[in-house]
Amino acid sequence: MDYSARRDLLLEGKDVDAFLIFDLDRTMPREMDRPNMQYLSGYDGEGALLITAAETVILTDSRYLEQAEKQVPELPLIHAELKYYDELTQAIRDRGLKRIGYAAWRTTDYVLRRLSEIPGTEWIPFEDPVTEQRAVKDADELTALREAIRLAEEALAHLRDTVEVGMNEVDIAAALSAKLREFGSQRVAFGPTVASGPNSALPHYRPSLNPRVLEPGDFLLIDYGAVVDGYVSDITRTFVVGEASETQREIYALVLESLQVGIDAIRAGIPGDIPHEASKRVILDSPYAEHIFLSPLGHGVGLEVHELPKMGLNKGEILEPEMVVTVEPGIYIPGTGGVRIEDTVRVTESGCELLTSFPKDTLITVGGAN
């Protein structure tokens with residue numbers, strides 16, 4: 001990955017002497033700016049990245065010095081401790097920096113107030129330019145994403161064949177997480193959603209909320225992901241435990257049609273709300289209109305589970321070639337259950353490439369006869 005080129009692009013067109021990436025769990029929410037730091041340098045520990053046209057220096061503390069030396073040996077390294085402000089002040093003074101940009105969306109008021117105490121500096125807010133830059137993926141990123149999808153699908157295939165009536169949602173989530181690591185995932189991308197029966201009507205249900213055992217006739221919705229080189233996959237499949245009813249098959253078929261219509265509408269040069277509206281129309285024209293998904297149809301995915309672009313609800317950024325987005329319509333019926341099917345695609349000039357391949361064309365049964 002060409003980190004230097006990414007940093008050059010970040011500074012391009014910005015009237016600043018430097019740009020600061022700052023991520024320190026001692027003073028801000030955990031991993032608040034970590035993805036941007038990894039994207040610009042390859043380093044994924046805590047610390048600060050001070051980027052100028054002439055050089056980029058990394059500041060970190062004794063917990064991460066060895067890691068930084070191994071991951072970014074080409075970057076000058078400054079040993080910082082505690083809250084880093086003294087070392088940052090000196091680094092800024094040594095380089096004569098006056099105007100310094102930062103991502104306002106990823107910087108707390110506390111950190112900004114402390115940085116503003118550095119004499120002679122003017123801090124220039126940008127919303128989040130690195131995240132905007134990350135929306136279009138390069139070849140290396142696509143390779144990592146493809147592998148993260150492959151590992152995730154391999155783990156789900158194994159889980160599907162072991163699910164039985166009477167298993168607990170929490171145990172299924174734990175088994176899936178263990179399989180992800182066994183097959184090579186760095187970690188789980190996020191706490192898996194394993195939702196059975198009426199719980200599947202809660203789009204972001206977590207098993208710990210109200211764990212239940214699987215019963216015959218349940219929908220079983222699983223939303224999860226793997227991680228490769230920091231890049232995450234995000235996949236959802238909905239199964240049925242035992243025999244499916246005609247109503248369940250009807251709901252599933254509608255969501256599948258909605259998914260396919262949304263995917264077919266994707267291409268470079270259009271706003272993301274066009275696929276959203278196309279996908280939504282399928283369900284709005286059905287008997288289940290009142291139970292339609294209310295969130296955007298999909299989102300970008302990369303170093304974070306939810307990235308740009310957003311797709312839908314009047315928030316659809318223009319799609320560009322090599323963006324990677326999810327498509328995840330759903331029908332959610334309170335007290336009964338829900339269906340969501342989520343695929344991941346790469347945007348191309350003329351359409352898109354489907355990256356996920358886990359079977360979805362029919363409602364798959366688990367824990368009973370197929």
### Message
Could you compute the net charge surrounding residue 6? Neighbours are other residues with a C-beta less than 13 Å from the C-beta of residue 6; K and R count +1, D and E count -1.
### Response
-4
### Residues in the stretch 57-93 that a label on residue 25 would reach, taking backbone N under 17 Å of a point 7 Å out along Cα→Cβ
60-68, 81-84
### Task
Specify whether the C-alpha gyration tensor of the stretch 112-170 places it in the rounded, prolate or oblate class, a ≥ b ≥ c being the square roots of the eigenvalues: rounded for a/c under 1.5, otherwise prolate if a/b is larger than b/c and oblate if not.
oblate
### Query
To the nearest Å, what is the center-to-center distance of the stretch 98-139 and the stretch 233-304, using C-alpha atoms only?
36
### Message
List the GluC sites (Glu not before Pro) within the stretch 122-180 that DSSP assigns to loop and that have no more than 15 neighbouring Cβ atoms inside 10 Å.
### Response
127, 164
### Query
What FRET efficiency, computed as 1/(1 + (r/R0)^6) with R0 = 30 Å and r the Cβ-Cβ distance, is obtained for residue 12 and residue 264, rounded to the nearest 0.05?
0.25
### Message
If each residue of separation counts as 0.36 nm, what is the full-extension length gain between residue 306 and residue 362 once their alpha-carbon separation is subtracted?
### Response
17.4 nm
### Query
How much net charge surrounds residue 346 when only other residues with a Cβ under 13 Å from its Cβ are counted (Lys, Arg +1; Asp, Glu -1)?
-4
### Query
What is the stretch 3-134 by shape, rounded, prolate or oblate, if you read a ≥ b ≥ c off the alpha carbon gyration tensor as root eigenvalues and call it rounded for a/c under 1.5, prolate for a/b larger than b/c, and oblate otherwise?
rounded
### Message
How would 41, 350, 208 line up from fewest to most surrounding beta-carbon atoms within 10 angstrom?
### Response
350, 208, 41
## Note on the structure
For the residue 143, residue 94 Cβ pair and Förster radius 25 Å, calculated FRET efficiency rounded to 0.05 is 0.05
### Task
Using the Cα centre as the reference, give the magnitude of the dipole from point charges on the C-beta atoms of the chain (Lys, Arg: +1; Asp, Glu: -1; all else neutral), rounded to the nearest 20 debye.
520
### Query
Going by a ≥ b ≥ c, the root eigenvalues of the Cα gyration tensor, does the stretch 139-366 fall in the rounded group (a/c under 1.5), the prolate group (a/b larger than b/c) or the oblate group?
oblate
#### Entry: Net charge, residue 75 excluded, C-beta distance under 11 Å - Lys, Arg +1, Asp, Glu -1
-2
### Message
Which entries of 98/310; 70/137; 14/83; 83/179; 14/280 have Cα-Cα distances beyond 30 Å here?
### Response
98/310; 83/179; 14/280
### Query
For the stretch 1-108, what is the percent of antiparallel DSSP beta bridges, rounded to the nearest 5?
65
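Every number in this text was worked out from the coordinates using simple rules, so none of it is lab data. The model shown is predicted, which means the values in this text are computed figures rather than measured ones. Virtual Cβ from ideal backbone geometry, glycine too; neighbours counted across all protein chains shown.
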